[in-house]
Amino acid sequence: MIFLLVALAAVACGTEAGAPGAGRRGIDPAAYEGTWRLTSGKSPARPIPLVKGYDITLTISDGGMLGRSACNTYGGELTIRGSRIEFGEGGHTDMGCDDPVLESEEAYFDAFWDARSISLSRDGQRLSLAGDGIELVYEPVPPPPTKELVDTTWVLESLVEGRRAAATVTSAEPAELLVAGDGTFTGSTGCRRLTGEWSESGDEIDFHTMAADGNCPNDLRTQDSYVVGVLGDGFTAAIDGDLLTINDARGDLGLIYRAK
């Protein structure tokens with residue numbers, strides 16, 4: 001992933017107790033760590049429109065940050081001192097998107113880089129960034145169920161297109177997936193063998209290297225491209241009993257597996 005780096009220097013100012021977005025003060029910076037999803041926000045010029053299926057997220061870790069900005073991915077240096085935040089070097093990818101999504105991203109960046117304070121609600125369920133005319137409110141995003149996912153062989157049963165009640169589910173030819181605890185994975189698309197390495201990235205699992213070897217007959221080529229498309233660009237996972245549901249980064253395509 002390539003970032004367009006820009007120098008971002010900020011002089012931080014604190015939020016007064018009782019001001020909008022103020023929360024616990026003087027807490028351990030580690031309390032802010034994790035992945036957060038934007039639920040509302042405004043910049044000095046406009047509110048931030050949120051587009052369904054194009055989340056804006058912020059993952060805070062020791063000395064840095066990474067997130068999705070509706071259209072692109074962004075990241076860089078972030079320092080927290082008390083209720084103050086300071087941005088260091090950072091940047092974002094430069095992929096084009098449709099106007100509603102691009103508008104959401106631009107409005108977010110207009111606010112985000114000028115935020116000067118950070119706070120956390122007492123119950124830990126709301127993270128707020130604030131500045132001059134800026135208010136960004138996030139909710140926590142649970143991490144992927146890695147413990148339940150790894151070291152189990154999963155067998156593909158269905159392909160899912162669409163969301164919830166509007167989704168179309170079709171049966172799939174059997175294909176296995178094994179995500180190993182050593183950071184590797186193996187599996188198949190039903191006709192090609194998959195191998196590679198994986199890692200967690202916020203609430204997603206990322207197959208950051210993936211090789212697909214073999215040839216597919218005509219009747220399996222659609223399934224092959226579907227599986228590679230869902231697994232190849234970061235996905236979320238949910239486990240219910242012996243069923244594993246995987247959705248692509250946008251949530252529009254999915255795969256349903258059953259534990260072997």
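The values are calculated or read from the model by the stated rules, or taken from the named source; none is laboratory data. Remember, predicted model here, so these are calculated numbers, not experimental data. Glycine also receives a Cβ, built like all others from the backbone with ideal geometry; neighbour counts cover every protein chain displayed. For accessibility, only protein heavy atoms count, side chains too; no ligands or nucleic acids. Shrake-Rupley method; radii C 1.70, N 1.55, O 1.52, S 1.80 Å.
Descriptive notes on the structure:
- Residues that are open to solvent by less than 30 Å² (accessible area, probe 1.4 Å) and among the small types (Gly, Ala, Ser) number at least 1 in the following strands (runs of 3 or more DSSP E) confined to the stretch 207-260: 235-240, 253-259.
One line per residue, one yes/no per condition, for (1) farther than 22 Å from Ile80 by Cβ; (2) assigned to a strand (DSSP E or B):
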position	(1), (2)
Ile27	no, no
Ala30	no, no
Thr35	no, yes
Thr39	no, yes
Pro44	yes, no
Pro49	yes, no
Thr57	no, yes
Ile60	no, yes
Leu66	no, yes
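- For the stretch 68-100, residues that are open to solvent by 10 Å² or more (accessible area, probe 1.4 Å) and not in a strand (DSSP E or B) total 10.
- Hey, Ala172 out of contact with any Gly (no Cβ under 6 Å at 6 or more places or on another chain), buried (at least 20 other Cβ atoms within 10 Å of the Cβ) and on the phi < 0 side of the Ramachandran plot or not: yes
- Here Ile27 fulfils each of the conditions (1) β-branched (Val, Ile, Thr); (2) open to solvent by less than 50 Å² (accessible area, probe 1.4 Å); (3) modelled with pLDDT of 90 or more apart from (3).
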